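Let me begin by presenting the structure, written as structure tokens, before commenting on it.
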Amino acid sequence: QVQLAESGGGLVQAGGSLRLSCAASGRTFSRYGMGWFRQAPGKEREFVAALSGSGNSTHYSDSVKGRFTVSRDNAKNTVYLQMNSLKPEDTAVYYCAASGFGNARTSRHDYNYWGHGTQVTVSS
């Protein structure tokens, strides 16, 4: 029912910024809570950020709080992840996900649809 496509990944230096976008299909985008997860080589996929269907509620992992900002534009069926003050440990494949829950969810098990990911590499 929902297809997701991430974009905006790339190579940046530590301290730099990058904005990821996730374009979604469907006519009921605003009903889905949206989340961002990431997975580094040899590590499990971890929660990064999430927001409710309306965009009024957000959650962030402790590791990115204060540096990353998640937002959405329901008119464009797009969710964003603004990443500032990037660190080498932020290097990972970043995945966009959609949840049937309307609020912001932090568990990957609460998400029904996933994009294929976009690579973010932060050099030092």
Expected field for Lys87, accessible surface area in Å² at 1.4 Å probe radius, rounded to 10, holds 80 Å²
Expressed in µm² per second, the diffusion coefficient of the chain from the Stokes-Einstein equation, with Rh the Kirkwood radius over alpha carbon pairs, at 25 °C and 0.890 mPa s, is 175 µm²/s
The chain accessible area per residue, 1.4 Å probe, protein heavy atoms, integer Å², reads 51 Å²
Carbon plus sulfur, as percent of the 1.4 Å-probe accessible area of the range 7-73, comes to 43 percent
The aspartates and glutamates whose Cα lies under 19 Å from the Cα of Lys87, excluding any fewer than 8 residues away in the same chain, are Glu44, Glu46, Asp62
Expected vector for the range 74-81, Karplus 3J(HN,Hα) from phi with 6.51, -1.76, 1.60 and θ = phi - 60°, integer Hz, x for Gly and Pro, equals 5, 5, 9, 6, 9, 10, 10, 10
For Thr28 the rounded accessible area (nearest 10 Å², probe 1.4 Å, non-protein molecules ignored) is 40 Å²
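The values are calculated or read from the model by the stated rules, or taken from the named source; none is laboratory data. Just so it is clear, the model here is predicted, and its values are computed rather than measured. Remember, those area values only see protein heavy atoms, side chains included, never the ligands or the DNA or RNA. Shrake-Rupley method; radii C 1.70, N 1.55, O 1.52, S 1.80 Å.
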